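A short worksheet on the structure shown next.
The values are calculated or read from the model by the stated rules, or taken from the named source; none is laboratory data. Here the structure is a predicted model, which means the values were calculated and not measured. Virtual Cβ from ideal backbone geometry, glycine too; neighbours counted across all protein chains shown. Ligands, DNA and RNA are excluded from the accessible area calculation, which covers all protein heavy atoms including side chains. Shrake-Rupley method; radii C 1.70, N 1.55, O 1.52, S 1.80 Å.
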Amino acid sequence: MRSIGEVFLTHLSCTACGRRHEWSQLQNLCSVCAKPLFANYDLAGVGRALTREALATREKSLWRYREVLPLPLDEEPVSLGEGGTPLLHAARFGASLGLANLWVKDEAQNPTQSFKARGMAVAVSMAKYLGATKLAVPTAGNAGGALAAYAARAGLEAHIFMPRDTPRANVIECRELGAHVTLIDGLITDCAAEIARRKTAEGWFDLSTLKEPYRVEGKKTLGYELAEQMDWELPDVILYPTGGGTGLIGMWKAFDEMEALGWIGAKRPRMFSVQAEGCAPIVRAFEAGAISAVEFPDARTCASGLRVPKAIGDFLMLRILRESNGGALAVDDEEMMRTTREVGPKEGLFVAPEGAACFAALRTLGASGNIASNDQIVIFNTGSGIKYLECYEP
Ligand SMILES: Cc1ncc(COP(=O)(O)O)c(C=O)c1O
Ligand SMILES: [Zn+2]
């Protein structure tokens with residue numbers, strides 16, 4: 001085995017039972033309880049090697065946080081320039097709701113036009129480093145496009161399983177990037193089951209979100225960037241469009257790491273998970289006071305990224321929403337479309353329906369007195385409306 005270059009990653013630990021796992025071989029779920037694994041770092045060592053101030057001179061991509069990412073420092077990442085997205089003041093939309101401090105983190109400006117690039121850049125870099133050659137993923141759409149791009153960049157095979165009614169842009173993008181695409185009559189959960197059934201025989205490494213430990217590491221950089229862009233003072237409220245929940249879970253992990261590093265204090269934003277009326281398992285579980293979510297029946301919404309009827313990280317999301325004194329809200333598709341058409345002219349952003357759902361949810365939060373006019377509020381626009389043309393011209 002080749003020697004491992006300098007790295008602050010120490011081990012993986014199970015988010016449910018705490019069992020320790022080695023990071024130096026390919027890993028999926030906990031071998032004891034089949035729950036997600038998290039990466040652990042020598043944060044004292046990171047703190048000695050890196051200061052907040054030193055970040056300012058580094059490249060504008062998520063790799064500027066290199067010491068808190070899992071890839072050994074002397075390895076070249078598989079990169080297309082992901083991360084470093086702008087945090088934009090949504091002054092006009094905010095004013096229409098009486099909110100002076102509304103901000104949008106515009107993740108449509110990533111490679112392949114969505115925040116899925118963050119997770120895939122880090123996960124594909126690690127999978128390649130640890131010797132995987134064939135990568136497989138079930139996807140609602142955007143994660144497929146991102147995997148196709150990063151696998152191509154890495155010189156690895158991508159096997160992508162999508163529901164047949166995934167937006168056409170995602171399907172065409174994956175094919176044109178050279179991925180093997182299989183369309184499934186069903187939902188993302190059916191795509192995942194197909195991969196699980198075939199992966200051993202085919203020699204695929206399963207990159208399903210939270211079923212390997214490093215997509216969440218890429219997504220956590222949303223939290224690092226946000227803190228840095230807000231001068232190390234986290235906002236009061238975050239709205240995040242939630243499917244598998246990897247971004248929400250990743251940001252929360254980043255906040256804890258940054259507090260341990262002494263980069264931020266103990267204050268946390270109130271985290272709100274936004275889902276579609278037609279697929280709202282987390283909203284239902286939150287309202288029921290449950291610690292995990294029941295599979296949502298007959299899931300449907302044009303916000304394909306939110307069409308996730310069952311998420312393996314449900315218990316982590318629900319814990320974060322409650323610990324942060326946040327919540328969970330559902331928005332119907334018509335309202336998402338209407339809101340897209342309002343955000344565009346006001347802010348110059350053609351947001352994905354998932355992003356629009358968060359803008360729409362603000363109205364509900366405002367009306368119920370859940371947010372104050374001077375709160376610092378951040379919305380994640382996780383993708384681009386360009387990938388969802390069917391929603392506008394069926
Ligand atoms: C545009 C968009 N927003 C949000 C999501 C949900 O992301 P997460 O799995 O991090 O909850 C997805 C997932 O496919 C997506 O494509
Ligand atoms: Zn476990």
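Some observations on this one:
- Taking amide H positions as modeled 1.01 Å from N, with prolines and chain starts lacking one, the residues under 5 Å from Ile184 and 5 or more places away or on another chain are Met162, Arg164.
- Note, ³J(HN,Hα) from phi for the range 241-252, Karplus 6.51, -1.76, 1.60, rounded to Hz, x at Gly and Pro: x, 10, x, x, x, 4, x, 4, 5, x, 4, 4
- Listed residues Val216, Thr200, Met251: farthest to the positive end of the dipole of the range 199-266 (Cβ charges): Thr200
- Violating pairs (Cα-Cα greater than 21 angstrom) within the set Lys116/Lys267; Lys60/Lys267; Lys211/Lys253; Lys219/Lys253: Lys116/Lys267; Lys60/Lys267
- Length released on extending from Arg338 to His11, taking residue separation times 0.36 nm less the Cα-Cα span: 113.1 nm
- Rounded to the nearest 10 Å², the accessible area of Tyr150 at probe 1.4 Å: 0 Å²
- Residue-by-residue Karplus 3J(HN,Hα) for the range 260-268, coefficients 6.51, -1.76, 1.60, Hz, glycine and proline x: 4, 7, x, 7, 9, x, 7, 5, 10
- When nucleic acids and ligands are ignored and a 1.4 Å probe is applied, Arg284 ends up with an accessible area of around 140 Å².
- Shown in residue order for the range 305-320 are the 3J(HN,Hα) couplings computed by the Karplus curve 6.51 cos²θ - 1.76 cosθ + 1.60 at θ = phi - 60°: x, 9, 8, 10, x, 8, 10, 5, x, 3, 5, 6, 4, 4, 5, 5 Hz (x for Gly and Pro).
- Options Ala91, Leu73, Gln109, ranked by Cα towards positive dipole end of the range 63-116, top entry (Cβ charges): Ala91
- Each residue was assigned an accessible area with a 1.4 Å probe, and for Phe315 the value is about 30 Å².
- Cleavage-rule hits (GluC sites (Glu not before Pro)) in the range 205-313: DSSP loop, at most 13 neighbouring Cβ within 10 angstrom: Glu233, Glu295
- Mean separation of Cα pairs under 8 Å and 6 or more residues apart, divided by the residue count, gives the chain a relative contact order of 17 percent.
- Filtered GluC sites (Glu not before Pro), the range 40-102: DSSP coil and at most 16 other beta carbons within 10 Å: Glu59, Glu75
- Built amide H within the under 5 Å cut-off of Arg300, gap 5+: Cys279
- Inter-part distance, the range 308-343 to the range 143-196, computed on C-alpha centroids, equals 24 Å.
- Here the range 255-394 is treated with +1 on each Lys and Arg Cβ and -1 on each Asp and Glu Cβ, and its dipole about the Cα centre works out to around 220 debye.
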